[in-house]
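Starting off with a structure, shown below.
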Amino acid sequence: MKDTTNRIAILARQPEQIFHSQDLGRLWKIENTNTLNTLLKRYNQKGLLFRIYKGLYSLISPEKLNPILIGIKALHGYAYVSTETILIQDGFIMQLDYQYTLVSSISRHFKIGQHHYESRQLQDQYLYNPAGIIEKNGILQATPLRALADLFYFNPKAYLDGMQMIDFKELNKLQKEIGYPITKRKNVSST
């Protein structure tokens, strides 16, 4: 029981809320994968840890965690919130989207609990360019201008409800800074 208390105390002191099984193995100094998986299964059954997704655990109930943070952690690499998720929040897209859109080094659709996620793959030269990326509540996300630049990179013919709100001069400046192709549209009809 002392080992269990020590292991949980180690997690409670961490700034993170969500852990990959490999991270737990390193924190607890458990090298044997079978031993670690057995321990994680037991802790989950006892209610000491919550299993969120394949190899993803937390001390906090998944319902109390930020779903965007869960999606980013599930990708297990650098990722940020962008495109539709940001553009809906800022009024460029009026229709609701029932998934979180992320940008990372992998292309993947997945579901965790009731939440749907889409990760769009971006080449490293663009992905790691910090232009228009901010941190908000511990989560990296695109500014509305970066989300537009990302969207037009993935879909140059994208049409948005709020096209009239786009400052194409500023958008082009950011696209150039990132290295994206320049979007040369100003007044576009629905396609």
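The values are calculated or read from the model by the stated rules, or taken from the named source; none is laboratory data. From a predicted model like this one, the values you see are computed outputs, not experimental measurements. Don't worry about glycine lacking a Cβ; one is built from the backbone with ideal geometry, like all the others, and counts go over all protein chains shown.
Being under 22 Å from the mean Cα position of the chain (by Cα) and among the acidic types (Asp, Glu) is the filter; apply it to region 1-41 and report the residue that is nearest to Gly55 (Cα to Cα).
This residue is Asp23.
Which residues, counting only those in region 42-97, are charged (D, E, K, R) and in a loop (DSSP other than H, G, I, E, B)? Spell out how you get there, then give the answer.
Taking region 42-97 first, the residues charged (D, E, K, R) are 42, 46, 51, 54, 63-64, 73, 84, 90, 97.
Answer for region 42-97, where residues must be charged (D, E, K, R) and in a loop (DSSP other than H, G, I, E, B): Lys54, Asp90, Asp97.
If we scan region 130-141, do we find a residue that is over 22 Å from Glu170 (Cα atoms), out of contact with any Cys (no Cβ under 8 Å at 6 or more places or on another chain) and among the aliphatic types (A, V, I, L, M)?
Within region 130-141 (the criterion being over 22 Å from Glu170 (Cα atoms), out of contact with any Cys (no Cβ under 8 Å at 6 or more places or on another chain) and among the aliphatic types (A, V, I, L, M)), the answer is yes, since at least one residue qualifies.
Further question on the same structure: Which of the following residues is farther than 30 Å from Ile18 by Cα and either touching a Lys or Arg at 6+ places or on another chain (Cβ under 9 Å) or surrounded by fewer than 12 Cβ atoms within 10 Å (Cβ to Cβ) (or both): Lys173, Lys169? Even if it seems obvious, please write down each step before you answer.
Details: Lys173 fails: either touching a Lys or Arg at 6+ places or on another chain (Cβ under 9 Å) or surrounded by fewer than 12 Cβ atoms within 10 Å (Cβ to Cβ) (or both).
Step by step, each of Lys173, Lys169 is checked, and only Lys169 is farther than 30 Å from Ile18 by Cα and either touching a Lys or Arg at 6+ places or on another chain (Cβ under 9 Å) or surrounded by fewer than 12 Cβ atoms within 10 Å (Cβ to Cβ) (or both).
Further, regarding this structure: Could you look through region 44-96, keep only residues that are of a type in the set (Gly, Ala, Ser) and surrounded by fewer than 19 Cβ atoms within 10 Å (Cβ to Cβ), and pick out the one that is nearest to Ala147 (Cα to Cα)? Working first, answer last.
Within region 44-96, the first condition is being of a type in the set (Gly, Ala, Ser), and the residues that meet it are 47, 55, 58, 61, 71, 74, 77, 79, 82, 91.
Pick out the ones that are also surrounded by fewer than 19 Cβ atoms within 10 Å (Cβ to Cβ) and you get 47, 55, 61, 77, 91.
Working: Gly47: 39, Gly55: 30, Ser61: 30, Gly77: 19, Gly91: 12 Å.
Filtering region 44-96 for residues that are of a type in the set (Gly, Ala, Ser) and surrounded by fewer than 19 Cβ atoms within 10 Å (Cβ to Cβ), the one nearest to Ala147 (Cα to Cα) comes out as Gly91.
Scan region 125-166 for residues that are closer than 21 Å to Tyr100 by Cβ, in contact (Cβ under 8 Å) with a residue 12 or more places away in the chain, surrounded by 15 or more Cβ atoms within 10 Å (Cβ to Cβ) and small (Gly, Ala, Ser) and jot them down.
Gly132, Ala142, Ala147, Ala149, listed by residue number.
Conditions: (1) closer than 18 Å to Ile70 by Cβ; (2) modelled with pLDDT under 95; (3) of a type in the set (Gly, Ala, Ser). Ser119 meets all but one. Number of the miss?
The failed condition is (2).
Collect the residues in region 103-124 that are of a type in the set (Asp, Glu) and part of a strand (DSSP E or B), keeping them in residue-number order.
The answer is Glu118, and nothing else.
If you scan region 1-27, which residues turn out to be polar (S, T, N, Q), part of a helix (DSSP H, G or I) and without any contact (Cβ under 8 Å) to a residue 40 or more places away in the chain? Spell out the reasoning first.
First pass over region 1-27, keeping only residues polar (S, T, N, Q): 4-6, 14, 17, 21-22.
From what is left, the residues that are part of a helix (DSSP H, G or I) are 4-6, 21-22.
Answer for region 1-27, where residues must be polar (S, T, N, Q), part of a helix (DSSP H, G or I) and without any contact (Cβ under 8 Å) to a residue 40 or more places away in the chain: Thr5, Asn6, Ser21, Gln22.
Need the failing condition index for Thr183 against (1) touching a strand residue (DSSP E or B) at 6+ places or on another chain (Cβ under 8 Å); (2) part of a loop (DSSP other than H, G, I, E, B), just the number.
(1)
Among (1) of a type outside the set (Ser, Thr, Tyr); (2) out of contact with any helix residue (DSSP H, G or I) (no Cβ under 9 Å at 6 or more places or on another chain); (3) at pLDDT 95 or above, which single condition is Gly47 missing?
Of (1) of a type outside the set (Ser, Thr, Tyr); (2) out of contact with any helix residue (DSSP H, G or I) (no Cβ under 9 Å at 6 or more places or on another chain); (3) at pLDDT 95 or above, only one is false for Gly47: (3).
Same structure again: Only one residue in Tyr53, Tyr57 is within 13 Å of Phe19 (Cα to Cα), outside the structural domain of Asp124 (by TED's automatic domain parsing), in contact (Cβ under 8 Å) with a residue 40 or more places away in the chain and of a type in the set (Phe, Trp, Tyr). Which one?
Working: Tyr57 fails: in contact (Cβ under 8 Å) with a residue 40 or more places away in the chain.
Going through Tyr53, Tyr57 in turn, just one is within 13 Å of Phe19 (Cα to Cα), outside the structural domain of Asp124 (by TED's automatic domain parsing), in contact (Cβ under 8 Å) with a residue 40 or more places away in the chain and of a type in the set (Phe, Trp, Tyr): Tyr53.
Follow-up. Answer yes or no: is there a residue in region 150-170 that is acidic (Asp, Glu), in a strand (DSSP E or B) and closer than 17 Å to Ile68 by Cβ.
From region 150-170, those acidic (Asp, Glu) are 150, 161, 167, 170; that's our starting set.
If we keep only those that are in a strand (DSSP E or B) too, we end up with none.
Checking region 150-170: not a single residue is acidic (Asp, Glu), in a strand (DSSP E or B) and closer than 17 Å to Ile68 by Cβ.
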